[in-house]
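Please treat every number below as a calculation from the coordinates, not as lab data. Quick caveat: nothing in here was measured; it's all calculated off a predicted structure. Here Cβ is always computed from backbone atoms with ideal geometry, including for glycine, and neighbour counts include all displayed protein chains.
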Amino acid sequence: MNDVEHVLSVQCKLGEGPLWSPNEQTLYWVDIQQMRLHRYVPGTGEHSFHQADRPVTAVGLRAEGDGFVTACGHGLVYWNPFQSALDLVTNPISELPHMRFNDGKVDPRGRFWIGTMSDAQPEMAEGKLYRLDPDRTLHEMENNITISNGLAWSPDYTLMYYTDSLRRRIYVYDFDVDTGSISNRRVFAELPEAEGQPDGMTIDRDGHIWSAVWDGWKIIRFNPAGERVAEVKLPVARVTSCAFGGPNLDTLYITTAWAGLSDDERAAQPLAGDVFSLQTAIGGMDEPRYAG
């Protein structure tokens with residue numbers, strides 16, 4: 001496997017949610033704690049960010065119109081940051097100030113899945129997983145979650161993968177692509193405590209999961225049976241998520257964070273919070289667009 005390359009010095013406090021836009025050939029990601037949506041065009045090296053007024057935790061591309069379906073401090077919204085347009089869809093945690101949204105992703109039929117967590121005490125397992133349908137209806141799909149994190153769907157759309165970080169588990173469900181229902185949850189992979197916590201993830205064309213490991217200094221690649229088949233080492237501890245991009249979707253872009261590091265740890269990890277990439281031989285799939 002090729003070596004990881006350092007792409008961009010951005011020093012994100014909590015970089016998360018990388019998302020590749022094939023139409024723009026552009027990478028988007030968020031910095032949750034610094035309330036920013038970043039934009040990077042590899043072909044030109046252009047980098048910019050939009051400064052939001054509240055935390056933005058996840059974005060998905062929309063099929064209709066410009067902008068994103070977004071989880072942020074306002075709730076679940078349709079957001080075009082380049083036109084300062086914001087359309088509130090719903091907010092299931094508006095009366096729960098200790099809760100916030102976390103990772104989210106669009107499924108193969110254009111529904112937006114988004115998780116919540118307790119910001120102060122995630123170990124209390126008050127988190128939930130929601131599915132936002134294109135008609136704006138919201139459905140609670142899971143509960144009793146610590147830190148709701150990475151999502152992915154198998155290439156044949158029959159399985160959904162979902163990460164509960166503090167339990168250090170990636171679950172797999174049977175997935176009905178037509179109805180959006182999930183069933184038969186079982187443990188796909190579980191990390192030992194000393195290895196760190198699984199965070200965001202993506203899936204490649206062969207159905208292998210690439211899971212970023214918070215406090216693990218790496219990304220782990222699991223085969224469809226849940227067996228680890230490769231590891232990608234990084235020069236920073238807090239590896240947060242990854243997504244395939246590039247013209248052939250064979251570049252794995254990796255986000256990281258420095259949130260929670262001591263001064264000494266930050267000095268020892270000067271690249272913490274930056275974006276990295278890995279050239280792969282497999283490649284990923286286009287991220288679906290939200291159909292609303």
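How big is the Rg/Rh ratio for the chain, C-alpha atoms only, Rh by Kirkwood, two decimals? Spell out each step's value before the answer.
Working: Rg = 17.2 Å, Rh = 18.6 Å.
My calculation puts Rg/Rh at 0.92.
Ignoring lysines fewer than eight residues from K128 along the same chain, the ones with Cα atoms less than 28 angstrom from its Cα are K13, K105, K218.
Output the peptides 27-38, 245-256, 78-89 sorted from most to least packed, where packing is the average of other Cβ atoms within 10 Å over each peptide's residues.
Working: 27-38: 23.2, 245-256: 21.7, 78-89: 15.0.
Per-residue mean Cβ counts within 10 Å order the peptides as 27-38, 245-256, 78-89.
For the pair V187 and D133, label points projected 7 Å from Cα toward Cβ lie 3.4 nm apart. Working note: Karplus 6.51/-1.76/1.60 with θ = phi - 60° gives segment 109-118 the couplings 10, x, 9, 9, 9, 9, x, 10, 7, 7 Hz, where Gly and Pro are set to x.
Its alpha carbons considered, segment 154-248 gives a radius of gyration followed by a Dmax of 13.4, 42 Å. Which whole-angstrom value gives the distance between the alpha carbon centres of segment 48-67 and segment 143-211? Taking the Cα centre of segment 143-211 as reference, the centre of segment 48-67 is 24 Å away.
Using Stokes-Einstein with the Kirkwood hydrodynamic radius over Cα pairs, what translational diffusion coefficient do you get for segment 1-154 at 4 °C and a viscosity of 1.567 mPa s, in µm²/s rounded to a whole number?
80 µm²/s
The share of Cα pairs per 10 Å bin across segment 1-59, counted from zero up to the longest distance, runs 23, 50, 24, 2, 0 percent. So what's the back-of-envelope 222 nm ellipticity for the chain, counting only DSSP H runs of four-plus at -39500 (n - 2.57) apiece and dividing by all residues, rounded to 500? Theoretical 222 nm ellipticity from helices: -500 deg cm²/dmol. For the pair Q51 and I282, the difference between a 0.36 nm per residue extended length and the Cα-Cα distance amounts to 79.7 nm.
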